[in-house]
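Colleague: The structure is given below, and queries will be raised subsequently.
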Amino acid sequence: DTEVTQTPKHLVMGMTNKKSLKCEQHMGHRAMYWYKQKAKKPPELMFVYSYEKLSINESVPSRFSPECPNSSLLNLHLHALQPEDSALYLCASTSGGSYNEQFFGPGTRLTVL
Amino acid sequence: AQSVAQPEDQVNVAEGNPLTVKCTYSVSGNPYLFWYVQYPNRGLQFLLKYITGDNLVKGSYGFEAEFNKSQTSFHLKKPSALVSDSALYFCAVRDMWAGGGADGLTFGKGTHLIIQP
């Protein structure tokens with residue numbers, strides 16, 4: 001299995017809702033990532049997990065809360081989001097080593113009303 | 001800080017002609033450079049990377065890239081373009097923060113490649 005899966009594909013939520021994005025990989029990768037991509041812009045790094053521990057948080061607002069329950073799963077919990085948080089949220093994983101490419105999932109298209 | 005620049009928002013090429021998508025980099029230390037492609041409403045697909053060694057790197061779908069240290073460039077090329085190559089292309093550089101392989105990627109702004117039949 002050489003893919004990263006993300007659910008749901010699309011999500012519409014109100015500003016008071018709580019929702020979660022899910023990412024899964026079964027490639028044995030030990031580093032997993034969340035990126036945010038606004039329309040017509042490049043992806044921007046949000047969080048990095050290495051060996052199930054949060055290693056990088058790119059000053060992301062606390063309304064985004066990441067979680068890594070095990071080495072195959074990565075969640076992003078969402079609460080009290082703003083309309084400007086609407087974007088494509090991409091998950092990626094890598095086997096580690098700065099020279100290894102990251103494998104990206106198809107993304108979750110989030111719309112905040 | 002590591003950064004890459006893609007000077008062209010859009011590149012138009014006739015099918016069958018060679019294509020080049022430009023990327024320049026600014027890094028401290030050795031650059032770890034990548035090219036990704038993104039089709040509409042999809043995630044990113046890895047094309048190729050430069051870590052060390054030969055300056056000409058071959059990748060997926062017939063793409064290759066030339067690393068030029070003196071010009072700090074890493075241009076993506078393909079000898080003969082296909083209409084199906086039309087997509088958004090991103091150059092990226094590996095960040096060097098946490099180390100241990102858990103570094104993220106910093107992307108260029110992206111270049112729309114349009115291949116005309």
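The values are calculated or read from the model by the stated rules, or taken from the named source; none is laboratory data. Because the structure is a prediction, the values reported are computed rather than measured. Cβ coordinates were reconstructed from backbone atoms using ideal geometry, including for glycine residues, and neighbour counts include every protein chain displayed. Protein only, heavy atoms only, side chains kept; ligands, DNA and RNA dropped before computing areas. Shrake-Rupley method; radii C 1.70, N 1.55, O 1.52, S 1.80 Å.
Colleague: Quick one: count up the residues across the range A:80-102 that are within 10 Å of chain B (Cβ to nearest Cβ) and at pLDDT 95 or above. Before you say what the answer is, go through the steps one by one.
Modeller: Step one: list which residues in the range A:80-102 are within 10 Å of chain B (Cβ to nearest Cβ), which gives A:88, A:90-92, A:94-102.
Applying the additional criterion that residues be at pLDDT 95 or above yields A:88, A:90-92.
Selection size over the range A:80-102: 4.
Colleague: Out of the residues in the range A:62-77 meeting the condition of being part of a strand (DSSP E or B) and touching a residue at least 40 places away in the same chain (Cβ under 8 Å), tell me which one is surrounded by the most Cβ atoms within 10 Å (Cβ to Cβ).
Modeller: Applying the filter and picking the extreme gives A:Leu74.
Colleague: Among B:Ser84, B:Ser70, which is the only one that is among the small types (Gly, Ala, Ser), exposed (fewer than 15 other Cβ atoms within 10 Å of the Cβ) and outside any helix (DSSP H, G or I)? Break it down into steps so the answer makes sense when it comes.
Modeller: Details: B:Ser84 fails: outside any helix (DSSP H, G or I).
Unique residue meeting the criteria: B:Ser70.
Colleague: So which of A:Tyr51, A:Tyr33 ends up being of a type in the set (Phe, Trp, Tyr), open to solvent by less than 10 Å² (accessible area, probe 1.4 Å), within 12 Å of chain B (Cβ to nearest Cβ) and out of contact with any Pro (no Cβ under 8 Å at 6 or more places or on another chain)?
Modeller: After ruling out the rest, the residue left standing is A:Tyr33.
For every residue, the table says whether it meets (1) assigned to a strand (DSSP E or B); (2) in contact with a Pro (Cβ under 7 Å, 6 or more places away or on another chain); (3) open to solvent by less than 50 Å² (accessible area, probe 1.4 Å).
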| site | (1), (2), (3) |
| --- | --- |
| B:Pro7 | no, no, no |
| B:Val13 | yes, no, yes |
| B:Asn17 | no, no, no |
| B:Pro31 | no, no, yes |
| B:Phe34 | yes, no, yes |
| B:Asn41 | no, no, no |
| B:Leu48 | yes, no, yes |
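Colleague: Can you find, within the range A:78-113, the residue that is farthest from A:Val4 (Cα to Cα) among those that are assigned to a strand (DSSP E or B) and open to solvent by 60 Å² or more (accessible area, probe 1.4 Å)?
Modeller: So the residue we want is A:His79.
Residues are listed down the side, and each one gets a yes or a no for (1) within 15 Å of the chain's Cα centre (by Cα); (2) more than 10 Å from every other protein chain (Cβ to nearest Cβ); (3) not aliphatic (A, V, I, L, M):
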position: B:Val27; (1), (2), (3): no, yes, no
position: B:Asn30; (1), (2), (3): no, no, yes
position: B:Gln45; (1), (2), (3): yes, no, yes
position: B:Thr52; (1), (2), (3): no, no, yes
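Colleague: Does B:Gly100 satisfy the criteria of being at positive phi and modelled with pLDDT under 95?
Modeller: yes
Colleague: With (1) touching a Ser or Thr at 6+ places or on another chain (Cβ under 9 Å); (2) of a type in the set (D, E, K, R); (3) free of Cβ contacts under 8 Å to residues at least 24 places away in the same chain as the list, and B:Glu15 as the residue in question, which single condition is left unmet?
Modeller: (3)
Colleague: For A:Thr7, all conditions in the list (1) of a type in the set (S, T, N, Q); (2) surrounded by 16 or more Cβ atoms within 10 Å (Cβ to Cβ); (3) in contact with a Lys or Arg (Cβ under 6 Å, 6 or more places away or on another chain) hold save one; what is the number of the exception?
Modeller: (2)
So that you can scan it fast, the table gives a plain yes or no per residue for (1) touching a strand residue (DSSP E or B) at 6+ places or on another chain (Cβ under 8 Å); (2) at pLDDT 95 or above; (3) on the phi > 0 side of the Ramachandran plot; (4) aliphatic (A, V, I, L, M):
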position: B:Val4; (1), (2), (3), (4): yes, yes, no, yes
position: B:Val27; (1), (2), (3), (4): yes, no, no, yes
position: B:Phe34; (1), (2), (3), (4): yes, yes, no, no
position: B:Leu56; (1), (2), (3), (4): yes, yes, no, yes
position: B:Gly62; (1), (2), (3), (4): yes, yes, yes, no
position: B:Ser86; (1), (2), (3), (4): yes, yes, no, no
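Colleague: Could you name every one of the strands (runs of 3 or more DSSP E) located completely within the range A:1-44 that has at least 3 residues being closer than 20 Å to B:Phe90 by Cα and in contact with a strand residue (DSSP E or B) (Cβ under 7 Å, 6 or more places away or on another chain)?
Modeller: On the way: elements: A:4-7, A:10-13, A:18-25, A:31-37.
Of the strands (runs of 3 or more DSSP E) lying wholly inside the range A:1-44, those with at least 3 residues that are closer than 20 Å to B:Phe90 by Cα and in contact with a strand residue (DSSP E or B) (Cβ under 7 Å, 6 or more places away or on another chain) span A:31-37.
Colleague: Looking at the range B:54-67 only, could you name the residues that are open to solvent by 50 Å² or more (accessible area, probe 1.4 Å) and either free of Cβ contacts under 8 Å to residues at least 12 places away in the same chain or part of a loop (DSSP other than H, G, I, E, B) (or both)?
Modeller: B:Asp54, B:Asn55, B:Leu56, B:Lys58, B:Glu66 - these are the residues of the range B:54-67 that are open to solvent by 50 Å² or more (accessible area, probe 1.4 Å) and either free of Cβ contacts under 8 Å to residues at least 12 places away in the same chain or part of a loop (DSSP other than H, G, I, E, B) (or both).
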